[in-house]
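Note sheet for the following structure.
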Amino acid sequence: MKLLTRLAAPLLLTTASISFRPAAGFVRGSVPRPTTFLRMSSTDVIPGRPTWQQTMLRIKDPAKTLPFYTDLLGFTLIDKFDFPQWKFSLYFLTTLPEGETYDLTPGTKEAHDYLWNMDGVALELTHNHGTESDPDFTGYHPGNKEKDGFGHIAVNVDDVYAVTDKLEKAGCDFQKKPDEGRMKGLAFVKDPDGYWVELVARGTPGKISNECNFSQTMLRIKDPKKSLEFYQKMGMKLLVERHFDDFSLYFLGSSVVSDDANPKEMFQPCLELTHNHGTENDADFQHFTGNEEGRNGFGHVGFLVDDVYKACDEIAKMGYGFKKEPDGGTMKGLAFAYDPDGYWVEIIRRGGLE
């Protein structure tokens with residue numbers, strides 16, 4: 001478990017461009033250009049029915065961050081793990097369909113069973129004990145500086161203006177309000193750690209009852225051909241791609257969503273991959289991943305599989321390597337692979353560790 005402390009808690013991620021355009025995931029006056037990438041067949045996917053299950057962010061003070069997500073954005077705390085011997089805790093939140101009752105107690109076996117078998121995607125918040133009261137701790141790096149890879153998470157809403165007004169009245173800070181800048185009707189609120197949370201208008205208001213549903217994790221990538229192949233082999237489906245003069249956006253859904261799902265209308269979140277054109281031709285270019293000393297913030301994305309060992313055998317063939325192989329360290333049966341940009345991808349056994 002000491003390895004889990006190092007992997008889950010102290011690392012950071014960044015984004016490739018300071019410009020607001022690549023961070024936002026929407027058109028800004030450019031004309032889309034059609035380009036289509038090959039989709040993987042089911043036989044190309046790694047074994048074990050991989051499903052995207054988590055996005056991890058490090059937080060300073062759970063007493064501030066948890067209420068932001070649960071009280072203001074409608075997330076549910078579905079599970080938690082406390083490791084006092086290693087001085088960190090993990091909190092797992094997700095948005096559940098309006099009216100769905102969650103009566104399990106976080107931290108219990110029943111909640112663990114739910115977490116490690118869910119088809120949805122959880123937001124994992126990692127708290128290193130003591131950061132909330134350490135006067136010398138200045139906080140985690142939220143991304144969106146030069147060469148940062150992590151951009152934001154997002155929630156879909158019916159009315160961006162109404163949710164912005166609610167959050168503003170609650171005292172939240174904004175990176176961008178709906179009528180600021182050239183892109184109207186789009187907002188970025190900052191959570192208590194400074195991470196950007198995009199407020200995205202749904203395609204069809206009223207189709208989803210929730211005020212907010214967890215809808216995106218955005219990462220910047222160097223080479224879309226390599227990254228799309230990697231994540232499609234992880235079972236993800238390329239749902240939408242948008243190409244503009246100097247950047248492109250790719251929206252991928254987990255293996256459990258339908259092939260024709262619309263990212264602005266579906267309940268499950270998308271992995272949004274942002275490519276700034278030309279980075280693929282620069283041999284020296286590399287994004288920060290959120291796990292570099294002094295830039296810790298975003299940690300990883302994670303996937304559930306039926307058999308970690310079989311899945312990692314196939315992942316190894318892609319040639320990007322591992323931060324931790326399944327039998328590395330003290331925690332057996334848990335792995336962290338690298339994707340083509342060096343982001344950490346956790347590989348977890350469906351049902352939990354044995």
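The values are calculated or read from the model by the stated rules, or taken from the named source; none is laboratory data. Please read all numbers here as calculations on a predicted model, not as lab measurements. So basically every Cβ, Gly included, is an ideal-geometry build from the backbone, and we count neighbours across all protein chains shown. Heads up: the accessible areas ignore ligands, DNA and RNA and are worked out on the full protein's heavy atoms, side chains in. Shrake-Rupley method; radii C 1.70, N 1.55, O 1.52, S 1.80 Å.
Just the residues that are open to solvent by 10 Å² or more (accessible area, probe 1.4 Å) and of a type in the set (Gly, Ala, Ser), please, taken from segment 236-259.
If the condition is that a residue be open to solvent by 10 Å² or more (accessible area, probe 1.4 Å) and of a type in the set (Gly, Ala, Ser), then SER255, SER258 are the ones that fit.
Which of the residues belonging to segment 211-247 are in a loop (DSSP other than H, G, I, E, B), within 20 Å of the chain's Cα centre (by Cα) and of a type outside the set (Asp, Glu)?
Hits for segment 211-247 are CYS212, LYS222, MET234, GLY235, MET236.
Quick one: would you say LYS64 is among the basic types (Lys, Arg) and in contact with an Asp or Glu (Cβ under 9 Å, 6 or more places away or on another chain)?
Spelling it out, LYS64 is indeed among the basic types (Lys, Arg) and in contact with an Asp or Glu (Cβ under 9 Å, 6 or more places away or on another chain).
If GLY351 satisfies all but one of (1) of a type outside the set (D, E, K, R); (2) at pLDDT below 95; (3) open to solvent by 10 Å² or more (accessible area, probe 1.4 Å); (4) closer than 14 Å to GLN53 by Cα, what's the number of the condition it fails?
(2)
For segment 222-235, which positions are surrounded by fewer than 18 Cβ atoms within 10 Å (Cβ to Cβ) and within 10 Å of HIS275 (Cα to Cα)?
ASP223
Considering every residue within segment 206-221, establish whether at least one is over 30 Å from PRO62 (Cα atoms) and open to solvent by 10 Å² or more (accessible area, probe 1.4 Å).
Yes, there is a match, as at least one residue in segment 206-221 is over 30 Å from PRO62 (Cα atoms) and open to solvent by 10 Å² or more (accessible area, probe 1.4 Å).
Take the residues of segment 51-97 that are assigned to a strand (DSSP E or B) and of a type in the set (Lys, Arg): which is most open to solvent (accessible area, probe 1.4 Å)?
For segment 51-97, the residue satisfying everything is LYS80.
Can you tell me which residues in segment 98-120 are open to solvent by 60 Å² or more (accessible area, probe 1.4 Å), of a type outside the set (D, E, K, R) and part of a loop (DSSP other than H, G, I, E, B)?
Those that are open to solvent by 60 Å² or more (accessible area, probe 1.4 Å), of a type outside the set (D, E, K, R) and part of a loop (DSSP other than H, G, I, E, B): GLY99, THR101, THR105, ASN117.
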